[in-house]
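The values are calculated or read from the model by the stated rules, or taken from the named source; none is laboratory data. The structure presented is a predicted model; accordingly, all values stated were derived computationally and were not measured. Positions of Cβ are backbone-derived with ideal geometry, glycine not excepted, and every protein chain shown enters the neighbour counts. Heads up: the accessible areas ignore ligands, DNA and RNA and are worked out on the full protein's heavy atoms, side chains in. Shrake-Rupley method; radii C 1.70, N 1.55, O 1.52, S 1.80 Å.
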Amino acid sequence: MTATAYAAGLVSAAGYRHVQRWTTSAAARARAAELVAAHRAEDREVMRNPHLDHEWADVIVRAPRLLAAVQGVIGPDVAVENTFLVMKWPGADFEVPWHQDGTNTRLELDPYRSVAAWVALTDADETTGCLHVVPESQRAGYLPYEVEPDKGAARGRALGVRVDDSVIRVPVPVQAGHGVLMDTRLLHCSHSNTGAGARIGLNIRYVAPGGIRMRDGSSPSPMPLCGTGW
Ligand SMILES: O=C(O)CCC(=O)C(=O)O
């Protein structure tokens, strides 16, 4: 593989691509309504690794169309490294800073043996706080990041990468029941929800065998979904 092809990654030249209809929009919205009913009163905004103890999340990470798209990128052996549910309540100040999904204080994902998915349970557009991405930013590799100060602690201590205002970024609206796959090096962020209803999405980090490098030398513990390589 040439250096240019290596830098471009596996997902697409732009570093992201849409996944159509991992479930029906009606089914996604029904799940979102249940989450709103369960968590609106307490203003809960995030849930870490819901696939480990919530059946609805386990069902999503295994959704056949989503899994097929993931296998098309990283091959037949697929595990979940992490999931993160984000519920943006209307009017709440909740910006997710620019970051890359494949690197954090604990680990680094091999962009050739991992892919990030963001799946929509509600419609996500520019008003409600959809993802914004910097197309082709995966080519620059993993960048230095800063851990956000305490404000974000309850939301999972977001990692921020500085992105110059001159850098071209695009919104990625996604309808409920659809999603987007991203190179784990792709820079993305999301703004607050200024719409009328909740905006709910699940971020999933999928890996193939050998895709996780722990920074402290410990053994990773991904949850295998399919394939024989585990
Ligand atoms: O749901 C969002 O607005 C962003 C989530 C995200 O980028 C992440 O969890 O890595």
Quick one: how many residues across the stretch 184-215 are within 13 Å of the ligand (Cβ to nearest atom) and farther than 29 Å from Ala33 by Cα? 4
List the residue pairs whose Cβ atoms are under 8 Å apart, where the first residue sits in the stretch 126-143 and is open to solvent by 50 Å² or more (accessible area, probe 1.4 Å), the second is among the acidic types (Asp, Glu) and modelled with pLDDT of 95 or more, and the two are 6 or more positions apart or on different chains. Tyr142/Glu108
Would you mind stating whether Val133 is in contact with a strand residue (DSSP E or B) (Cβ under 9 Å, 6 or more places away or on another chain), within 12 Å of the ligand (Cβ to nearest atom) and over 24 Å from Glu55 (Cβ atoms)? yes
All conditions in (1) open to solvent by less than 20 Å² (accessible area, probe 1.4 Å); (2) in contact (Cβ under 8 Å) with a residue 60 or more places away in the chain; (3) under 16 Å from the mean Cα position of the chain (by Cα); (4) at negative phi are true of Gly15 except (4)
Right, Asp77: surrounded by 19 or more Cβ atoms within 10 Å (Cβ to Cβ), of a type in the set (Asp, Glu), over 26 Å from Asn193 (Cα atoms) and away from the ligand (no atom under 13 Å from the Cβ) or not? yes
Pick out the one residue from Gly195, Gly210, Gly177 that is assigned to a loop (DSSP other than H, G, I, E, B), closer than 21 Å to Arg21 by Cβ and either in contact with a helix residue (DSSP H, G or I) (Cβ under 8 Å, 6 or more places away or on another chain) or at pLDDT 95 or above (or both). Gly177
Residues in the stretch 22-52 that are surrounded by 15 or more Cβ atoms within 10 Å (Cβ to Cβ) and closer than 26 Å to Gly102 by Cβ: how many? 9
Could you list, ordered by first residue, the pairs with Cβ atoms under 6 Å in which the first is in the stretch 95-108 and in contact (Cβ under 8 Å) with a residue 12 or more places away in the chain and assigned to a strand (DSSP E or B) and the second is within 10 Å of the ligand (Cβ to nearest atom) and of a type outside the set (A, V, I, L, M), at least 6 apart or interchain? Val96/Cys189; Val96/Ser190; Pro97/Cys189; Trp98/Cys189
Could you say which residue among Ala117, Ala92 is closer than 26 Å to Ala38 by Cα and open to solvent by 10 Å² or more (accessible area, probe 1.4 Å)? Ala92
Quick check on the stretch 178-197: of everything there that is farther than 19 Å from Ala79 by Cα and in contact with a Leu (Cβ under 8 Å, 6 or more places away or on another chain), which residue is surrounded by the fewest Cβ atoms within 10 Å (Cβ to Cβ)? Cys189
Among what's in the stretch 100-114 and is within 16 Å of the ligand (Cβ to nearest atom) and within 17 Å of Val11 (Cβ to Cβ), pick the residue that is surrounded by the fewest Cβ atoms within 10 Å (Cβ to Cβ). Thr103
